[in-house]
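Participant: Before we start, here is the structure in question, set down as structure tokens.
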Amino acid sequence: MNTTITLREYLEKGKKFVIPDYQRGYVWGKNHDGEKNSVENLIDDLITRYNASADVFLQGFTVSEKSNEIVIIDGQQRTTCLYLLLKWLGYANPIEIQYKIRKASNDYLKSLDLNQIDENVEEEYQDIFFFKKTLRIISSKLQHIDKTKFLSFLLSNVKFLYINVEEDKATRIFTMMNGNKAQMKQEEIIKAEILRIAALNTSDIIDFQLEWEHNMLRSRYSRKWDKWLHWWNNKEVQELFRCYNNMGLLISSYLQQRKGDLLTFENFKTKCLPQEASYEAKQTFDGLRRLQKRFEDAYNDPSIHNMIGGILRIHSAEDQRKFIFHYFVEDHRENLEEYYKLVFLGMTHDEISGNKKKEFADKYYRVLTAINDDFVYLDDDNKEQAFRLLLRLNIDQDIQQNRLFNFDIWEERSLEHIQPKSKVGHEAEGVWYDGNDAPKNKDEFTMLRADIHATINSITYSTSEHSIGNLVLLYKNENSQFNNSNFFEKKELFFNPNKKELFRSRHLLHTVCVFAEKQDWNGEAIAINKIKTIEKFEADYASLKAKFEYEKQE
């Protein structure tokens, strides 16, 4: 018998929970390579769901239920942890758990003393050590919780698949599950439910041909699902879409399409499989298949791949979710390039989808003002605008080359001066220095920049080494290679095939082009590059500026 039950229903069976002697000891609470242990993960998840008043769907429990006891085949660690948690919360109803694996463990649980869980006391038995550690974690994380309310929440909102098997099959099933280290995550439980319902035979007549077809259907669905799972577990896919769970954005996006919110087994079943009918399961699987294809097509198309990658890095977490729904679920794929450019101005999803003209004007001119600033590098807000612009220009180069952009730069970005600031002059803690590190007042500092200018059509343009004209995007762990190197040494780092130091930054095509265009780098080159960068920005947004034309109110 397989059914979904609550923790209250599990406890109210009124039977003793038995941990058979073929089970290993209790080890929850054991840490692995600095990661949170299983108890911490469970308690943190319970707290999160409690605060959100949401259901908690645990991995299924496989048992062999007898007249007066429930033998735990799979779920020993969870059952024991829940037992300790209930005791700490003051659960008053009779509840008994029997550890056949070791008498000392069994005796400890029977005479549990919550006041004696000191971590400094040495324990002879592993089970008891981790019993106490679990209780310490519970006590630490729940010390400020309302025990009565939290207990009520657990009893009603903790749910799981209850799988009751025949006693003579228990050890075989345990060996199979333990040997395979089966860990049923929510996505896997959803998969199992879709496959089960899709293959239901509603006929009262046993039709072996129909049964064979249902088995083939289930097998085909299972293979397809596993293929999706393998794809979402690809590191490059996870990095692009900013998601790191087993099935990525597929199931959560489909549930959102069906007006569901928080991804839980119960929510998915309610929204997608309410009648437990075979046609529902087939419809759901087909919907997942279509959605998966959209994700795969987007990933495999360099232009779309690069624009989506840029969008998901600039957007906030909430706007990332809205964009995914907008593009993949609602299938608004027609204006992606426009959306991409607007995101790089700093517009939110609601501002873009609402065609907010004032917000476009405000953010367009904010970026334009920032990159016009002669000292853009010295202002944190303007510096961020400069970074975003240079990032987009590098992404755009890969789009033109039909090449997938490497978004590792997002986490490792650095803006680097082409002409080193220490060679021209710089500001530090309010004091201005020339290229020889001699202090100057600000007026004298400005005069030092007389050679950073360009004359075009009889108009002289002056700037500084801190302007957008003297900045390029690099990996931060590689900018030390630049530092005080001159222009020719820097070019060699990029273009000499025997130089390995800046290999990663060589994929940044806009950065490479800046170095390739000039034979020398001086004040005139800085000023001209600034003008060209601003003109490029204005050209890129010319059509959008016309579309979002906005008259500022006096």
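The values are calculated or read from the model by the stated rules, or taken from the named source; none is laboratory data. What you are looking at is a predicted structure, and each value in this text was computed from that prediction instead of being measured. Don't worry about glycine lacking a Cβ; one is built from the backbone with ideal geometry, like all the others, and counts go over all protein chains shown. To get the accessible areas, we keep the full protein, side chains included, count just its heavy atoms, and leave off ligands, DNA and RNA. Shrake-Rupley method; radii C 1.70, N 1.55, O 1.52, S 1.80 Å.
Participant: Filter the range 297-325 down to the residues that are open to solvent by 30 Å² or more (accessible area, probe 1.4 Å) and assigned to a helix (DSSP H, G or I) and list them by number.
Facilitator: Of the residues in the range 297-325, the ones open to solvent by 30 Å² or more (accessible area, probe 1.4 Å) are 297, 299-301, 303-304, 316-318, 320-322, 325.
Within the range 297-325, ASP297, TYR299, ASN300, SER303, ILE304, ALA317, GLU318, GLN320, ARG321, LYS322, PHE325 qualify.
Participant: If you take the residues in the range 92-131 that are closer than 12 Å to THR80 by Cα and out of contact with any strand residue (DSSP E or B) (no Cβ under 9 Å at 6 or more places or on another chain), which one is least open to solvent (accessible area, probe 1.4 Å)?
Facilitator: Within the range 92-131, the first condition is being closer than 12 Å to THR80 by Cα, and the residues that meet it are 95-99, 105-106, 109, 127-128, 130-131.
Imposing the further condition that a residue be out of contact with any strand residue (DSSP E or B) (no Cβ under 9 Å at 6 or more places or on another chain) reduces the set to 128, 130-131.
Values: ILE128: 15, PHE130: 21, PHE131: 0 Å².
So the residue we want is PHE131.
Participant: Would you mention how many residues in the range 504-514 are in contact (Cβ under 8 Å) with a residue 60 or more places away in the chain, of a type in the set (A, V, I, L, M, F, W, C) and in a helix (DSSP H, G or I)?
Facilitator: Qualifying residue count, the range 504-514: 3.
Participant: Test LEU46 against the criterion of being part of a helix (DSSP H, G or I), within 24 Å of ARG136 (Cα to Cα), in contact (Cβ under 8 Å) with a residue 24 or more places away in the chain and not polar (S, T, N, Q), and give yes or no.
Facilitator: yes
Participant: Go through (1) at pLDDT 90 or above; (2) closer than 23 Å to ILE452 by Cα and name the single condition ALA361 misses.
Facilitator: Single failed check for ALA361: (2).
Participant: Please pick out the residue among ASP331, ASP301, ASP350, ASP297 that is charged (D, E, K, R), under 19 Å from GLN400 (Cα atoms) and over 21 Å from the mean Cα position of the chain (by Cα). Spell out the reasoning first.
Facilitator: Working: ASP331 fails: under 19 Å from GLN400 (Cα atoms); ASP350 fails: under 19 Å from GLN400 (Cα atoms); ASP297 fails: over 21 Å from the mean Cα position of the chain (by Cα).
From the options ASP331, ASP301, ASP350, ASP297, the qualifying one is ASP301.
Participant: Also, quick follow-up: Condition test on LYS545, is it at pLDDT 90 or above and touching a Ser or Thr at 6+ places or on another chain (Cβ under 7 Å)?
Facilitator: So LYS545 does not fit the description; no.
Participant: Any idea how many residues of the range 283-296 are crowded, with 18+ Cβ neighbours inside 10 Å and either β-branched (Val, Ile, Thr) or out of contact with any helix residue (DSSP H, G or I) (no Cβ under 9 Å at 6 or more places or on another chain) (or both)?
Facilitator: The qualifying residues number 1.
Participant: Among the residues in the range 363-372, are any outside any loop (DSSP other than H, G, I, E, B), hydrophobic (A, V, I, L, M, F, W, C) and farther than 19 Å from GLY469 by Cα?
Facilitator: Within the range 363-372, the subset outside any loop (DSSP other than H, G, I, E, B) is 363-372.
This time we only want the ones that are hydrophobic (A, V, I, L, M, F, W, C), so: 367-368, 370-371.
Cutting the leftovers down to farther than 19 Å from GLY469 by Cα gives us none.
For the range 363-372, residues outside any loop (DSSP other than H, G, I, E, B), hydrophobic (A, V, I, L, M, F, W, C) and farther than 19 Å from GLY469 by Cα: absent.
Participant: Tell me which residues, restricted to the range 402-442, are farther than 23 Å from ASP379 by Cα, at pLDDT 75 or above and either out of contact with any helix residue (DSSP H, G or I) (no Cβ under 7 Å at 6 or more places or on another chain) or surrounded by 12 or more Cβ atoms within 10 Å (Cβ to Cβ) (or both).
Facilitator: ARG403, LEU404, PHE405, ASN406, PHE407, ASP408
Participant: Counting residues that are at pLDDT below 75 and open to solvent by less than 60 Å² (accessible area, probe 1.4 Å), which helices (runs of 4 or more DSSP H) fully inside the range 163-262 reach at least 1?
Facilitator: On the way: elements: 170-179, 186-198, 208-232, 235-241, 250-257.
Counting at least 1 such residues, we get 170-179, 186-198, 208-232.
Participant: Identify the single condition in (1) at pLDDT below 85; (2) of a type in the set (Asp, Glu); (3) in contact with a Lys or Arg (Cβ under 9 Å, 6 or more places away or on another chain) that GLU538 does not satisfy, given that it satisfies every other one.
Facilitator: The failed condition is (1).
Participant: Quick one: which of LEU229, LEU249, LEU263 is closer than 22 Å to PHE57 by Cα and touching a Cys at 6+ places or on another chain (Cβ under 7 Å)?
Facilitator: On the way: LEU229 fails: touching a Cys at 6+ places or on another chain (Cβ under 7 Å); LEU263 fails: touching a Cys at 6+ places or on another chain (Cβ under 7 Å).
Of the residues listed, the single one that is closer than 22 Å to PHE57 by Cα and touching a Cys at 6+ places or on another chain (Cβ under 7 Å) is LEU249.
Participant: Right, something else. Only one of (1) open to solvent by 80 Å² or more (accessible area, probe 1.4 Å); (2) modelled with pLDDT under 85 fails for ASP520. Which number is that?
Facilitator: (1)
Participant: Any residue in the range 116-132 that's over 20 Å from TYR99 (Cβ atoms) and modelled with pLDDT of 80 or more: show its pairings with residues that are surrounded by 15 or more Cβ atoms within 10 Å (Cβ to Cβ) and not hydrophobic (A, V, I, L, M, F, W, C) at Cβ separation under 7 Å, as long as the two are six or more apart or on different chains.
Facilitator: Every condition considered, no pair remains.
Participant: If I ask for residues that are surrounded by fewer than 18 Cβ atoms within 10 Å (Cβ to Cβ) and among the β-branched types (Val, Ile, Thr), which ones from the range 330-373 would you list?
Facilitator: The answer is THR369, and nothing else.
Participant: For THR79, indicate whether it is surrounded by fewer than 16 Cβ atoms within 10 Å (Cβ to Cβ), modelled with pLDDT of 85 or more and either within 25 Å of the chain's Cα centre (by Cα) or not basic (Lys, Arg) (or both).
Facilitator: For THR79, the condition - surrounded by fewer than 16 Cβ atoms within 10 Å (Cβ to Cβ), modelled with pLDDT of 85 or more and either within 25 Å of the chain's Cα centre (by Cα) or not basic (Lys, Arg) (or both) - is not met.
Participant: Then there's this: Taking ILE352 as the residue in question, decide whether it is in contact (Cβ under 8 Å) with a residue 60 or more places away in the chain, under 27 Å from ASP297 (Cβ atoms) and aliphatic (A, V, I, L, M).
Facilitator: Answer is no for this residue.
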